[in-house]
Amino acid sequence: MSIEPTPYQNATNQSISERDLRHVWHPCTQMKDHQWLPMIPIRSGKGVWLEDFDGNRYIDAVSSWWVNLFGHTHPYIASAVKNQLDTLEHVIFGGFTHEPVVKLSERLVKLAPKGLTRCFYADIGSAAVEVALKMSFHYWYNTGKRKKTRFITLGNSYHGETLGALAVGDVELYKETYQPLLMTPITAPSPDCYFREEGESWEAYSLRQCEAMEALMAKHHEEVCAVIVEPLIQCAGSMRMYHPAYLTRLRALCNHYGIHLIADEIAVGFGRTGTLFACEQAHITPDFMCLSKGLTGGFLPLAVVMTTDTVYDAFYDEYSTLKAFLHSHSYTGNPLACSAALATLDLFEQSPVLERNRELAAHMAKATEHFRDHPHVAEVRQTGMVLAIEMVKDKASRTAYPWQERRGLRVYQHALKHQALLRPLGSVVYFMPPYVISESEIDQLAQVAWDGVQLATLGG
Ligand code: PMP
C-alpha cells in the first residue's frame with residue numbers, strides 16, 4: 001500500500017473552487033462575491049510565481065499578505081523545515097525548550113535594536129499584539145502603577161483582528177461592527193504624509209503631528225500604559241507612510257511621560273522598509289517589538305514579542321507574588337516554524353539582500369514614475385520595497401472614490417487576467433513583492449497596474 005499522499009487527479013480550477021465554496025469560509029471576504037468573482041485555487045508556487053490548476057500563472061505582487069520574503073517554496077527554507085520534521089515537530093513550551101528556539105532567540109537579539117534581549121513567542125501577528133498590550137499593562141501593574149489601563153493608538157492604524165488588537169486599530173471597515181466589544185483607546189492623529197500641505201516635507205509634516213500626540217500624553221500619561229504604532233508604514237491603512245523623525249520624537253516623548261512604546265513591525269520588519277527593522281531608521285529601541293509574517297520567510301505561522309530586561313525583571317519574582325506572565329498559546333515557539341525562521345535569517349546573511357532591495361526599490365520607482373501624471377492618481381509613494389499608487393475621483397481636490405464603487409477590485413480582476421496578483425486596499429494599488437522579483441517582472445507589474453488603473457478609472 002502506498003504511503004504517499006494522493007495527488008490531485010484531474011483537478012481543475014472549477015472542480016477545486018466548487019468543492020471549496022461548499023465548505024470553506026474565507027478571510028476578509030464577502031463570500032457572496034464568489035457567485036461572480038472566481039476563486040483561484042493555487043496548485044503550486046515557485047519564486048514570485050503562483051500557478052493555478054488550469055496552468056495560469058500569477059506574480060505574487062503582495063507577497064501573499066506580506067509574509068513571503070524570498071519566494072515561494074524556497075529550496076533552502078524548505079529543506080530546513082524538512083530536516084526539522086524528522087527531528088522534532090512540536091513540544092509543549094512550558095517547562096520544555098528546544099534548540100531551534102534558543103538559536104533563533106540568540107540571533108534575533110543580535111539583530112534587533114539594542115536592548116531588546118527577551119523573546120516571548122506566539123503564533124500569529126494578532127497574538128503578538130495581544131501579548132505586547134497585556135505585558136505592558138502587567139508591567140505597570142507589577143510596578144505599582146495601577147491606574148495605567150489605557151493605550152494610545154494612531155488614527156488609521158491596524159494591528160490585527162483579535163479583540164484587543166482590533167481595539168487599538170483604527171480602520172473603520174474592520175472595526176465598526178465590533179465596537180460594543182472593544183476597549184476604548186486614545187487616538188492620536190496619524191503622521192500619515194498624504195495629508196501634508198503642498199510644499200511641506202514628509203519630515204516637517206510628521207513632526208507637526210507630534211504636537212497632538214504630546215498634548216494627549218501630557219493629559220493622559222497617568223492612565224496610559226503604552227503607545228502602539230506601525231513604524232513608517234500603516235500598511236492595512238492603505239499603505240500610508242510617514243517620516244522616521246516622528247518615531248524618534250515619539251520615543252523621547254514616551255521616555256518623558258513614562259509610557260511604553262510598542263513597535264508593531266509585523267508587516268514592516270525584515271527589510272520591507274529598506275532596513276532590517278523600520279525602527280532602525282529612527283535610531284530607536286522600542287519597549288516592545290512585535291514580529292511575525294516575514295519572520296519565517298512566509299512558510300509557517302510564528303510571532304515574537306521582543307522586550308527589554310527592565311520589563312522582564314518586573315515579572316521575575318517568587319511564584320507566590322503572582323507576578324508571572326501567565327499567557328500561553330498551544331503552538332508557542334513551534335520548532336518547525338523556528339527552523340524556517342533560522343533558514344530565513346541565513347538567507348539574509350548569505351547575500352546582500354538589503355543592498356539588492358535598494359536596487360529593486362529604485363527600479364520600482366522608475367517603472368511607476370509616469371503614474372504621477374495620471375489624471376486619477378493623487379500620489380505615488382514609496383518606502384523601501386513598498387510602493388503604493390492612490391487612485392482618486394478628483395485629482396485636484398483629492399476627492400476619494402466612494403468605497404461602494406470598488407475601483408480597486410477592477411484592478412484586481414484585470415491583473416488576474418494578466419498574470420499578476422495585485423490586491424488593492426480600497427482604491428490604493430500597491431506592490432510589496434518578494435525580494436526575488438526581477439527587474440523585468442517589476443516592469444510587467446507596472447504595465448498590468450497601469451492598464452488596470454486606466455480601466456478602473458474609466459467613467460470619472
Ligand atoms: N499588525 C500589522 C501591522 C499587520 O499588518 C497585521 C496583519 N496584516 C497584524 C498585526 C496581524 O497579524 P496576523 O494577521 O498574523 O494576526
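The values are calculated or read from the model by the stated rules, or taken from the named source; none is laboratory data. What you see is a predicted model; the values in this text were computed from it and never measured. Don't worry about glycine lacking a Cβ; one is built from the backbone with ideal geometry, like all the others, and counts go over all protein chains shown.
Would you confirm whether any residue within the stretch 264-279 is assigned by TED's automatic domain parsing to the domain that holds Leu111, more than 14 Å from the ligand (Cβ to nearest atom), of a type in the set (D, E, K, R) and on the phi < 0 side of the Ramachandran plot? There is no residue in the stretch 264-279 that is assigned by TED's automatic domain parsing to the domain that holds Leu111, more than 14 Å from the ligand (Cβ to nearest atom), of a type in the set (D, E, K, R) and on the phi < 0 side of the Ramachandran plot. The C-beta contact set for the stretch 95-120 (first residue farther than 15 Å from Ala340 by Cα, second residue small (Gly, Ala, Ser), distance under 8 angstrom, 6+ apart or interchain) comprises Thr97/Gly333; Cys119/Ser105.
Restrict the check to the stretch 230-247 and report whether at least one residue is polar (S, T, N, Q) and either assigned to a helix (DSSP H, G or I) or within 16 Å of the ligand (Cβ to nearest atom) (or both). Give the steps one after another, and end with the answer.
Within the stretch 230-247, the first condition is being polar (S, T, N, Q), and the residues that meet it are 234, 238.
Subset that is either assigned to a helix (DSSP H, G or I) or within 16 Å of the ligand (Cβ to nearest atom) (or both): 234, 238.
The answer is yes; a qualifying residue exists.
With respect to the stated conditions, Ser320 fails to be assigned by TED's automatic domain parsing to the domain that holds Glu223 and within 16 Å of the ligand (Cβ to nearest atom). Count, please, the residues in the stretch 373-415 that happen to be among the acidic types (Asp, Glu) and not in a helix (DSSP H, G or I). Looking only at that region, the number is 3.
On inspection, Leu88 passes the criterion of being out of contact with any Ser or Thr (no Cβ under 9 Å at 6 or more places or on another chain), touching a residue at least 12 places away in the same chain (Cβ under 8 Å), part of a loop (DSSP other than H, G, I, E, B) and more than 16 Å from the ligand (Cβ to nearest atom). If only residues of the stretch 132-150 that are buried (at least 24 other Cβ atoms within 10 Å of the Cβ) and either away from the ligand (no atom under 14 Å from the Cβ) or closer than 24 Å to Val91 by Cα (or both) are counted, the one that is farthest from the chain's Cα centre (by Cα) is Tyr139. Among the residues that make up the stretch 169-178, is at least one of them surrounded by fewer than 21 Cβ atoms within 10 Å (Cβ to Cβ), more than 30 Å from Val380 (Cβ to Cβ) and not charged (D, E, K, R)? Taking every residue of the stretch 169-178 in turn, at least one turns out to be surrounded by fewer than 21 Cβ atoms within 10 Å (Cβ to Cβ), more than 30 Å from Val380 (Cβ to Cβ) and not charged (D, E, K, R).
Assess whether Ala165 counts as being in contact with a strand residue (DSSP E or B) (Cβ under 7 Å, 6 or more places away or on another chain) and among the small types (Gly, Ala, Ser).
Numbers: in contact with a strand residue (DSSP E or B) (Cβ under 7 Å, 6 or more places away or on another chain): no; among the small types (Gly, Ala, Ser): yes.
No, not satisfied.
On the given criteria, is Tyr58 in contact with an Asp or Glu (Cβ under 9 Å, 6 or more places away or on another chain) and more than 16 Å from the ligand (Cβ to nearest atom)? Step through it out loud before you land on a result.
Numbers: in contact with an Asp or Glu (Cβ under 9 Å, 6 or more places away or on another chain): yes; more than 16 Å from the ligand (Cβ to nearest atom): yes.
Yes: the conditions hold for Tyr58.
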